[in-house]
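The structure appears below as structure tokens.
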Amino acid sequence: MDTKDFQLFLSLAETLHFGQTGEQMHMSASAVSRSVKRIEDEVGQRLLERDNRSVRLTEVGRQFQTYARQALGQWQTFSESVKQDAEQLSGEVSVFCSVTASYSVLSEILETFRRRYADIEIKLRTGDQADAIGHVVEGDDDIAIAARPDKLSSRLQFQTLTHSPLVFIYPAIHCVVESQIHQHLENSLPLPWHTIPFIVSERGLARTRLDQWFRAQGIKPDIYAQVSGHEAIVSMVGLGFGVGVVPELVLTNSPLKEKVQVVDVQPPLTPFSVGLCALVQRLDNPLVKAFWDCAKASYRSDF
């Protein structure tokens, strides 16, 4: 039972007319009747006596009318109180994330956050996502948008917002790397990973998982370059310098996505869990908690 149920019943208790209540609630008379039946089923008692000529409240109906009026009043008081508290919050929250995360994840959160907390300023810092957890641990930023590490410190709280597979990409332009991979795929031959140049991250979770994959497959990779940030991997692969591994989230939002192709690799790497990370103690700060809760509300349909 929700506030709309209370509003509907209070209207009907006043009008004692299904058609008039339907007009007030923008519902048909039959829909009002079905709603009342559902409320009665939930209460377990008849709330209305009705015949062809009239509608009147039963004794339980009058009791429920009082309850509904009190419950709706308490909800309105609470709602106004929360709204006032939100309007009173002001200050600054510092957020660290990669450039990709800023427009693929953060933008979704900010739409809700700014609508609720117009007086809270977001101080945004962007950089390599491999540094995100470190910025939180060191206290440089309140919150980071990051991939959940395999081992999460007890000092940290993590809220998953979405998932992103890790995909192997190779050049779309005609070059030595593209020709080598295309030839093997066309002939259904295993890819000779040990002879294919790789563009890899200098550090971070994606690099760790790729190294684990290499060891599990018994591959000694040919590392052409180590770069900072997944965006740089997409760029170098698109230019024909080698093969790389990036989160699908990065590739989908990259302006260079048409320059690369995805190759199906088995077994796949473990996907990223992307979300918010903060020190547990920082969540006691009402400004940080407000941002945290808005992020959860923004992605509620997914998780």
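Quick notes
- Amide H contacts of residue 260 (H built 1.01 Å from N, under 5 Å, at least 5 apart or other chain): 172
- Between the helical axis of 3-15 and the longest alpha-carbon principal axis of the chain there is an angle of about 20 degrees.
- Relative to one another, the C-alpha centroids of segment 163-207 and segment 118-135 are positioned 31 Å apart.
- Close amide H pairs (under 5 Å, H built 1.01 Å from N) link residue 161 with 274, 275, 276, residues at least 5 positions away or on another chain.
- For the options 98, 164, 33, a Gaussian network treatment of the chain with springs between C-alpha atoms closer than 10 Å singles out 33 as fluctuating the most.
- Considering only 193, 33, 130, the residue lying farthest towards the positive end of the dipole of the chain is 33, judged by Cα position with unit charges set on Cβ.
- Evaluating 6.51 cos²θ - 1.76 cosθ + 1.60 at θ = phi - 60° for every residue in segment 135-145, the Karplus couplings come out as 4, 6, 4, 6, x, 6, 9, 6, 9, 10, 9 Hz, glycine and proline recorded as x.
- For segment 166-270, averaging the sequence separation of C-alpha pairs within contact (under 8 Å, six or more residues apart) and dividing by the residue count gives a relative contact order of 45 percent.
- Which of 251, 226, 177, positive extreme of dipole for segment 166-270 (C-beta unit charges): 226
- Choice from 291, 168, 96 showing the highest fluctuation, given a GNM over the chain with Cα pairs closer than 10 Å: 168
- Antiparallel DSSP beta bridges within segment 166-270, as percent of all bridges there, nearest 5: 55
- Between residue 156 and 280, the built amide H atoms are under 5 Å apart, and every one of these is 5 or more places off in sequence or on another chain.
- Correct choice for Cα extents along the principal axes in Å that was computed from the model, options [x] 52, 46, 40; [y] 114, 37, 32; [z] 88, 48, 31: [z]
- In the chain, the longest principal axis of the Cα atoms and the axis of helix 176-186 are about 70 degrees apart.
- Near residue 57: Cβ cut-off under 11 Å, other residues only, Lys/Arg at +1 and Asp/Glu at -1. The net charge is +1.
- Taken about its Cα centre, segment 3-87 carries a charge dipole of about 320 debye when Lys and Arg each add +1 at the Cβ and Asp and Glu each add -1 at the Cβ.
- Contact order relative to length of segment 3-87, as percent, for alpha carbon pairs under 8 angstrom and 6 or more apart: 29
- Remark: relative contact order (the chain) = 21 percent; criterion is Cα-Cα distance under 8 angstrom and separation of 6 or more residues.
- The chain: antiparallel DSSP beta bridges as a percent of all, rounded to 5: 60
- For segment 94-146, a crude dipole built from +1 on the beta carbon of Lys and Arg and -1 on the beta carbon of Asp and Glu, taken about the Cα centre, is about 260 debye to the nearest 20.
Read-outs: derived from the displayed coordinates by stated rules, not from any lab. Everything quoted here is computed from the prediction, not taken from an experiment. Note that each Cβ is placed from the backbone with ideal geometry, even for glycine, and that neighbours are counted across all protein chains shown.
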